[in-house]
Amino acid sequence: MVFEDGDQANDHSDDDIKPFDLKVGQKVFAKWTDGSFYPGMIANIAGRAFFINFDDGDKGWTSMSGILLKS
């Protein structure tokens with residue numbers, strides 16, 4: 001199995017993969033320009049880019065790899 005970022009895994013089947021279903025209004029942790037992840041909400045989605053309204057008032061775009069789901 002080859003992932004979008006080029007990583008490969010041989011110990012998982014396609015049945016192990018869950019969809020990454022992100023929606024506007026969803027709470028996430030998103031990567032900021034300093035490389036750290038901060039809490040925020042998805043405000044807009046354009047393809048695989050996500051505009052985040054961070055909880056501290058900052059706003060900005062990040063890629064799918066810059067998103068972590070809140071548990």
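The table below lists the values:
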{"read-out": "Pairwise label distance in nanometres, Trp61 with Asp21, each label 7 Å out on the Cα-Cβ vector", "value": "2.7 nm"}
{"read-out": "Per-residue ³J(HN,Hα) for the range 30-45, Karplus 6.51 cos²θ - 1.76 cosθ + 1.60, θ = phi - 60°, Hz, x for Gly and Pro", "value": "10, 6, 9, 5, 8, x, 8, 9, 10, x, x, 9, 6, 9, 7, 10"}
{"read-out": "Size of electric dipole in the range 24-69: Cβ of Lys, Arg +1 and of Asp, Glu -1, about Cα centre, debye, nearest 20", "value": "200 debye"}
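The numbers here are math on the coordinates, done by the rules we state, and not lab data. Please read these numbers as outputs of a predicted model, since none were measured by experiment. Cβ: placed from backbone, ideal geometry, glycine included. Neighbour counts: every protein chain shown.
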